[in-house]
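To keep things clear, I will list the structure first and then write my remarks on it.
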Amino acid sequence: MWRAQYRNFGTHETLLGNFTIDVGNDQAGIRWFELRKSGVSAWTLYQEGTHAPDDDHRWMGSIAMDSSGNIALGYSVSSATTFPSIRYATRLEGDPLGTLQAESSMLEGGGSQTGI
């Protein structure tokens, strides 16, 4: 799990976090969440989601929110047919809660170590 990101919007406060989970069949995916708090109220779960759009493994996520409430989630990805790569997915403030848009590639790997 990466560090939680805190942001104070004045009307509410947010904490974002993510961690790697097994989404089934020994496949790694990213579970992410946003907690919110208004005034003196307790922290509550505002939204959450699991990012595993295909059979590739995703891990080492890092999530952040900008001052407009947009979210970006970056992570490592690989599989038997995908070289280790870095990708990201985003959520605009007005998108449905708990969803991320289609992922994009930041850096596609060109190979992997297969032996000693």
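The values are calculated or read from the model by the stated rules, or taken from the named source; none is laboratory data. Just so you know, these numbers come straight off a predicted model, no measurement behind them. Positions of Cβ are generated from backbone atoms using ideal geometry, with glycine treated the same way; all protein chains shown enter the neighbour counts. With ligands, DNA and RNA removed, areas are computed over all heavy atoms of the protein, side chains included. Shrake-Rupley method; radii C 1.70, N 1.55, O 1.52, S 1.80 Å.
In the condition set (1) open to solvent by 20 Å² or more (accessible area, probe 1.4 Å); (2) in contact (Cβ under 8 Å) with a residue 40 or more places away in the chain; (3) of a type in the set (S, T, N, Q); (4) touching a Leu at 6+ places or on another chain (Cβ under 9 Å), T14 is compliant with all but (1).
Restricting the search to segment 68-89, which residues are part of a strand (DSSP E or B) and either open to solvent by 40 Å² or more (accessible area, probe 1.4 Å) or small (G, A, S) (or both)? Residues satisfying the conditions are A72, G74, S76, S78, S85, I86, Y88, A89. Per the conditions (1) modelled with pLDDT of 95 or more; (2) on the phi < 0 side of the Ramachandran plot, the sole criterion not satisfied by S112 is (1). When the residues of segment 45-60 are filtered to those that are touching a Gly at 6+ places or on another chain (Cβ under 7 Å) and in a strand (DSSP E or B), the one that is surrounded by the most Cβ atoms within 10 Å (Cβ to Cβ) is R58.
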